[in-house]
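Chemist: After the structure tokens below, expect a handful of questions from me.
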Amino acid sequence: MPAFFKNKVVVVTGASRGIGQAVALAFAREGAHLVLAARSVDRLALVEQEVRRLGAEALSVPTDVTSPDAVAALVDAATSRFGRIDVLVNNAGIGKVGDVESATFTDDLHQTLRASLFGMISVTQRVLPVFRAQGSGAIVNMSSVMGRKAFARFGSYAIVMHGVSAFSDSLRQEVAGGNIQVSAIHPALTATDLLREVDEAEMPPPFRHMTPLSSDAVGRAVVAAVRHRRRRVVLPRMANMLLLGEALSPRIGDLIATALTHRPIAAALGMSRGQTYHQTISTTLRPARQSR
Ligand SMILES: NC(=O)c1ccc[n+]([C@@H]2O[C@H](COP(=O)([O-])OP(=O)(O)OC[C@H]3O[C@@H](n4cnc5c(N)ncnc54)[C@H](OP(=O)(O)O)[C@@H]3O)[C@@H](O)[C@H]2O)c1
């Protein structure tokens with residue numbers, strides 16, 4: 001077993017399913033100890049079992065990241081049990097789809113801000129003193145490709161993911177030189193429950209025939225980001241074309257986003273490989289509600 005993460009203590013928020021579960025299992029395979037945080041107690045217990053089956057120690061701490069008291073209890077539980085925290089993966093979050101003109105847009109934005117950005121900031125603020133006292137630590141913030149380029153009908157989510165990118169960027173520079181590293185991960189559409197409730201026809205247009213990444217691929221990328229001290233990881237790499245186009249001009253970014261709505265173009269770029277998001281999750285994932 002590789003020694004890099006052996007006996008390191010990794011806290012993962014949103015660890016009850018999806019990308020967070022995959023991240024936890026990826027670190028467990030590396031020999032790390034896991035602290036698993038999310039709201040669903042039953043789902044956390046299942047992930048804890050999987051982590052233990054891989055030979056790693058695990059502690060589940062039911063946590064709502066929007067509650068400052070719960071976040072304080074999470075960090076206390078982690079340090080009481082393991083004496084330190086080496087890696088924090090800020091992954092907990094939600095995503096809503098809808099036009100800017102929809103009646104629920106502002107409410108969707110508030111909810112997403114609370115769970116995905118303010119939750120992340122709250123956990124980070126609690127963990128940073130632990131890292132400062134230890135003189136080391138790594139923070140991984142889960143953003144999205146949407147954190148660099150928004151798509152239509154995904155405005156509330158993209159606003160928050162841009163916030164995650166900016167938070168990561170400023171934090172990384174603030175802690176520079178103190179042996180605390182900060183990575184931002186920007187996955188494209190991934191096969192999780194995040195958008196399960198969204199009708200296929202209502203999805204952001206470029207997503208409608210896109211084949212999602214596997215959560216395992218994102219989990220492995222998070223481990224590699226910490227190991228190699230990467231500041232930013234975009235998945236898949238091809239998505240960098242969209243971000244490069246956007247950086248050159250929003251006209252080019254919009255052209256690429258529109259091009260991705262055409263299946264042959266998305267297929268030529270490797271973004272549409274047969275199964276869509278809904279086809280993939282219906283064959284590979286149990287609905288989270290049934291498994292709670
Ligand atoms: N799927 C994608 O296409 C995609 C792409 C790029 C980035 N991301 C990001 O990846 C992260 C994980 O999403 P996912 O795709 O794995 O979705 P998911 O399967 O729906 O998982 C979301 C996780 O976040 C937890 N969570 C939500 N609200 C929480 C809260 N208030 N307190 C604590 N935990 C909370 C959920 O657990 P409980 O419900 O048990 O609390 C669950 O474990 C999100 O930040 C998302 O923005 C997803």
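Chemist: Tell me which residues come under 5 Å, amide H to amide H, from residue 139 once H is placed; ignore anything under 5 positions away on its chain.
Modeler: HN-HN under 5 Å from residue 139: 88, 181, 182, 183.
Chemist: Continuing with this model, one more query. Can you tell me the dipole magnitude for the stretch 1-125 around its Cα centre, using point charges on the Cβ only (Lys, Arg +1; Asp, Glu -1), in Debye to the nearest 20?
Modeler: 560 debye
Chemist: Restricting things to alpha carbons, find the Rg to Rh ratio for the stretch 42-122 using the Kirkwood radius for Rh.
Modeler: On the Cα set of the stretch 42-122, Rg over Rh gives 1.08.
Chemist: Taking only DSSP H segments of four or more residues, each worth -39500 (n - 2.57), what value at 222 nm results for the chain once the sum is divided by all its residues, to the nearest 500 deg cm²/dmol?
Modeler: Rounded to the nearest 500, it is -14000 deg cm²/dmol.
Chemist: Please report the spacing between the Cα centers of the stretch 1-29 and the stretch 126-176 in Å, no decimals.
Modeler: If you average the Cα positions of each part, the centres end up 19 Å apart.
Chemist: Can you tell me the Rg and the Dmax, both Å, for the Cα atoms in the chain?
Modeler: 18.4, 54
Chemist: Charges at C-beta only: +1 for Lys and Arg, -1 for Asp and Glu. How large is the resulting dipole of the chain about its Cα centre, in Debye rounded to 20?
Modeler: It comes to approximately 940 debye.
Chemist: Please tell me the relative contact order of the stretch 132-220 in percent, rounded to the nearest whole number, where contacts are Cα pairs under 8 Å and at least six residues apart.
Modeler: 34 percent
Chemist: In whole Hz and in residue order, list the ³J(HN,Hα) couplings for the stretch 191-207 that follow from phi through the Karplus curve 6.51 cos²θ - 1.76 cosθ + 1.60, θ = phi - 60°; x for Gly and Pro.
Modeler: Using θ = phi - 60°, the values come out as 7, 9, 6, 3, 10, 4, 7, 7, 4, 4, 6, 9, 5, x, x, x, 7 Hz.
Chemist: For residue 99 paired with residue 52, estimate the spin-label separation in nm (one decimal), with each label point 7 Å from Cα along the Cα-to-Cβ line.
Modeler: Spacing of the two 7 Å Cα→Cβ label points: 5.1 nm.
All of the numbers you see were taken from the coordinates with simple rules; none came from a lab. A quick note: this is a predicted structure, and the numbers were derived from the prediction, not measured. Glycine also receives a Cβ, built like all others from the backbone with ideal geometry; neighbour counts cover every protein chain displayed.
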